[in-house]
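Everything on this sheet refers to the single structure shown next.
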Amino acid sequence: MASDQDLVVETVRDILTGHEPFVLTAERPWDEGLWSALAEAGLTGVGLPEEAGGSGGELADAVAIVRTLASGAGAVPVAEQLLVAGPALVAADLDLPSPEEPLTFATEGTVTAEPSDDGDGPGRFVLTGTATDVPWAGTARHVAVLATPPAGIEGAVLAVVDASGLAASRAVNLAGEPRGSLVLDRVGVPGALLSPAQAAQVRARAALMRAVQISAALEQVLAWTVQYAGERVQFGRPLGKFQAIQMELAQMAGEVTATAALVDAAVQALDRGEATVPLAAAAAKVRAGEAVETVAKLAHQVHGAIGFTQEHRLHHLTRRCWSWRDEAGTELAWSRLLGAGLAAAGPDDLWPALTAVV
């Protein structure tokens, strides 16, 4: 008997069959039709509480949707909405925009927040500065902005910005996904003060989101490569019969499995509300990023010249993986955080921490 999560995944897959991946351009920077179909099915609010305007469901359901869309190269901001911006707003007790309207987040840039003096009461801030590298800038209707708080206050301000009236600069990642900037010139918005730990949780969610997407995409890349190696005949036998190819496939499988293990452990830590989420997310992001180099390289090597053509499906995922690897913090940045966190726990806790997810 299929579980509710299986039914959700099957629904997403059915929708994806009518929305094949395409090369993103300035004229078509996202798959608006795919978003509309997902929103109509209530899938853009999964994992967000019904009382806040979401569709309900568990974190695992939202992760399953994000994984399915990542493996299908869905060009929509569902991951940003379900795993980062939406939960952050709910946790901060801020009003959640309608899940039918694309929501993203901004954690990079030089945005500062000051209390509003417009007489609207507490919970209002004025944002000034530039939010950079905003996922789906120019397509998302709302942006959850993590801003620098007023002088003397630690942590951050999480604010909700209606971006429909803001101009977004034209910038994209390697896969063509919008990553522009938004200029905020004394924009009055609702917001909430976050503690340093709460702000770190938002950034950790962003890193884990990219790790979830990378893990799912690499699993699909591996499956395609194994299939191709079994079908492509060279020198009278399938490529998969050659020992050198078998070794490459085994190496790819090892990278994919290791990444999946750390990503699953981080998702479980987040679901349980553990204080170690930033460290678990850091480990997942670092491992996922390292796996990209090996898996993508070997996948293209096994596929040969055909894998480098625009007409072939492989590049839709490998270019995304290369892009996601550098977003929401690089391996270097998260490795430093992970190392500092492990060292802070002291020598007696180092080995248990290193083996906690094994």
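None of the figures in this text is laboratory data; all of them are computed from the coordinates on show. Being a predicted model, the structure only gives us computed values, none of them experimental. Note that we place each Cβ from the backbone using ideal geometry, even for glycine, and neighbour counts take in every protein chain shown.
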> Can you list the residues of the range 23-63 with backbone N under 18 Å from a point 7 Å past the Cα of Asp264, pointing along Cα to Cβ?
Replying inline: 59-63
> If you stretched the chain out fully between Phe22 and Val172, how much longer would it get, using 0.36 nm times the residue separation minus the C-alpha to C-alpha distance?
Replying inline: 52.5 nm
> How large is the dipole of the range 227-294 about the Cα centre if only Lys and Arg carry +1 and Asp and Glu carry -1, each at its Cβ, rounded to the nearest 20 debye?
Replying inline: 240 debye
> Distance in nm between label sites at Lys241 and Glu32, each 7 Å beyond Cα in the beta-carbon direction?
Replying inline: 5.2 nm
> Given the C-alpha centroids of the range 14-30 and the range 31-80, what is the distance between them in whole angstrom?
Replying inline: 16 Å
> Ordered by packing density, taken as the mean number of other Cβ atoms within 10 Å over each peptide's residues, highest first, how do 58-64, 80-86, 337-343 rank?
Replying inline: 80-86, 58-64, 337-343
> Over the chain, what is the percentage of antiparallel beta bridges among all DSSP beta bridges, to the nearest 5?
Replying inline: 85 percent
>> So for the chain, averaging the separation of alpha carbon pairs under 8 Å that are six or more residues apart and normalising by length, what relative contact order in percent results?
In response: 14 percent
> Stretch Val233-Ala305 to full length: gain in nm at 0.36 nm per residue minus the Cα-Cα span?
Replying inline: 24.4 nm
> What dipole magnitude, in Debye to the nearest 20, does the range 298-358 give about its Cα centre under +1 on Lys/Arg Cβ and -1 on Asp/Glu Cβ?
Replying inline: 280 debye
>> Over the chain, with a Gaussian network built from C-alpha contacts below 10 Å, which listed residue (Pro278, Pro196, Pro135) shows the highest mean-square fluctuation?
In response: Pro196
> Based on the mean of other beta carbon atoms within 10 Å per residue, what is the order of 245-258, 207-220, most packed first?
Replying inline: 207-220, 245-258
>> Just want the answer: with Cβ charges of +1 for Lys and Arg and -1 for Asp and Glu, which residue in Gly180, Pro190, Thr148 is farthest toward the dipole's positive end in the range 100-190?
In response: Gly180
> Along the charge dipole of the chain, Cβ charges K/R +1 and D/E -1, which of Met247, Ala75, Ser169 sits furthest on the positive end?
Replying inline: Met247
> Expressed as a whole number of Å, what is the distance separating the alpha-carbon centroids of the range 194-224 and the range 248-276?
Replying inline: 10 Å
>> Just to confirm the number: angle between the C-alpha axis of helix 331-344 and the first principal axis of the chain, 0 to 90 degrees, nearest 10?
In response: 70 degrees
> Summing +1 for each Lys or Arg and -1 for each Asp or Glu, what net charge is found among the other residues whose Cβ lies under 14 Å from the Cβ of Gln81?
Replying inline: -2
> If you place +1 on the Cβ of every Lys and Arg and -1 on the Cβ of every Asp and Glu, how big does the dipole about the Cα centre of the chain come out, in debye to the nearest 20?
Replying inline: 1400 debye
>> Could you work out how much longer the chain between Ala333 and Glu58 gets when fully extended? Use 0.36 nm per residue separation minus the Cα distance between them, nm to one decimal.
In response: 96.0 nm
> Toward the positive end of the charge dipole of the chain, about the Cα centre and with charges on Cβ (Lys, Arg +1; Asp, Glu -1), which of Val292, Pro238, Ala207 goes farthest?
Replying inline: Pro238
> Normalised by the number of residues in the range 158-239, what is the relative contact order in percent for Cα pairs under 8 Å and 6+ residues apart?
Replying inline: 20 percent
>> Can you tell me which of Pro115, Pro29, Pro97 moves the most in a GNM of the chain? Springs connect C-alpha atoms under 10 Å apart.
In response: Pro115
